[in-house]
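First comes the structure, then the notes that go with it.
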Amino acid sequence: MAAAPVSRADDSFPPAAEGNHVHAPELRLFVMALFFIFGGITSLNDVIIPKLKDLFTLNYTQAMLVQFCFFTAYLLIGIPGAALVKRVGYMRGATVGLLAMMSGCLLFIPASKSAAYPLFLLALFILASGVVVVQVVANPLISLLGPARTVHSRLTFAQAFNSLGTVIFPKIGAALILGGLAVATTEQLEGPLRDAYRVAETRTVVRTYIGLAIALAVVAGIVWMNRHRLKGEKHSGVSIRESLDLLRRPRFAFGAAGIFLYVGAEVAIGSLIVNYLEQPRVLGLSAQGAGSYIAYYWGGALIGRFVGSAILARVRPGLVLAFHGAAAIALIAVSGLSSGVISAWSLLLIGLANSIMFPTIFSLACEGLGGRAADGSGILNVAIFGGAVVPLATGVLADVTGSLALALILPAVCYAVIAAFGIYCAKNSAVGHRVSA
């Protein structure tokens, strides 16, 4: 995503109209903090998955329920979250979202004490619900904090903070959360000893999320104190449900499928990095050592974002998207058919191939929508639910085949569809076929 996980929902609303902005430069810093926090929190799932997989002796299907519960929030909360923001306004809506995120973090405390996997999943769902609401707010909020002529530069800068979060959080999370996995494994323990080990080890997860809860509480307080700074904000009266007829347009429907599959493939690969690099045929690393490599996956997206923006200014977006989709497929093939350093780094370089995909798919899908672009962006936001479905299906495939390399065939198929969408758009311009508002 010329965006990492965050851009999955960065484009939920259109920029503010010229003249409809607030001169409050100090608020921009807090909005940047929102991008940084929810980008980092989303990528932190890649660290939690191997931890919980070990502690609860889960197979890959069960472990991928982490991403399923997290991204299901986009399907269930996306539309109600947008309705809430329209009702209470951006600043109050952001406060509600931040407090929901804080509540999800604090739910890790009873989850740890009971050492119950379902409670961790519930905590992640509530945390993700808050993330969805905050993402619904973040893009239009940064749009309001300045004139329309500079909105794209502000959004690009904000997304850079998102990518920064996806690089930093896994590094810190690997050190704080995965360290204990090198000491013992749950399979070596039985009965009360296993239960005690689970409770002790989940405390490392709890400490991390308590720290996040404190940070979220501080940001929520700052946003609440500035809730009256935005005057005269306006919201469309058209509901997303009323906009579903846009899916009758082949280009838009194809693009929505592309968002679904892209987020799913990106999240599936990120979720398996630790277990993949732990394999003797790859690097044979400890969980903590493998966890530190997650930052390179998301870091590739950060670097590719800047390089890709320059390329997209000169080359047709559809062709660039098709090239990146083909590159991702090639990297998966190289990783699966090789071993050692080549296998590891070809997998991590998929992050670089991912970099331009989300915003390019998004913009190509919305091309020609005219006054209904905001309606279309809301539907595409719900399509982020792919982050729940594809990783779970990839986990099932890993369990059935007994091979992570074979399981990556599913993300490869996703990238093939994305490449096909790029070719379709390169051959079929939406110019002259606008949808009336």
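Highest average first, the peptides 314-320, 331-337 ordered by how many other beta carbon atoms sit within 10 Å of their residues are 331-337, 314-320. With θ taken as phi - 60° and the Karplus curve 6.51 cos²θ - 1.76 cosθ + 1.60 applied, the whole-hertz 3J(HN,Hα) list for segment 82-91 is 5, 5, 4, 5, 4, 7, 9, x, 5, 5 Hz, x standing for glycine and proline. Could you tell me whether segment 64-125 comes out rounded, prolate or oblate from its Cα gyration tensor? Rule is a ≥ b ≥ c as square roots of the eigenvalues, rounded for a/c under 1.5, then prolate if a/b exceeds b/c, otherwise oblate. In terms of gyration-tensor shape, oblate.
From most to least packed by mean Cβ count within 10 Å, the peptides 196-202, 264-270, 160-166 give 264-270, 160-166, 196-202.
Let me make sure I get this right: for segment 254-335, a, b and c are the square roots of the gyration tensor eigenvalues over alpha carbons, sorted descending. Under 1.5 in a/c it's rounded, otherwise prolate if a/b > b/c, else oblate. Which is it?
It comes out prolate by the Cα gyration axes.
According to the square roots a ≥ b ≥ c of the eigenvalues of the Cα gyration tensor, what is the shape class of segment 199-351, taking rounded for a/c under 1.5, prolate for a/b larger than b/c otherwise, and oblate for the remainder? It is oblate, given that a/c is not under 1.5 and a/b is not larger than b/c.
Exposure proxy shown here: for Asp54, Asp399, the number of other Cβ atoms within 10 Å sets the order, fewest to most, as Asp399, Asp54. Applying the Karplus relation 6.51 cos²θ - 1.76 cosθ + 1.60 with θ = phi - 60° to segment 411-428 yields 3J(HN,Hα) values of x, 4, 5, 4, 5, 5, 5, 5, 4, 5, 5, x, 5, 4, 5, 5, 8, 10 Hz, where x marks Gly and Pro. Residues in segment 293-306 carry Karplus couplings, in order, of 7, 4, 4, 5, 4, 6, x, x, 5, 5, 5, x, 4, 6 Hz; the curve used is 6.51 cos²θ - 1.76 cosθ + 1.60 with θ = phi - 60°, and Gly or Pro positions show x.
Since every read-out is calculated from the coordinates, none of them should be taken as a lab result. Source: prediction; values computed, not measured. Heads up, the Cβs are rebuilt from the backbone with ideal geometry, glycines too, and the neighbour counts pull from every protein chain shown.
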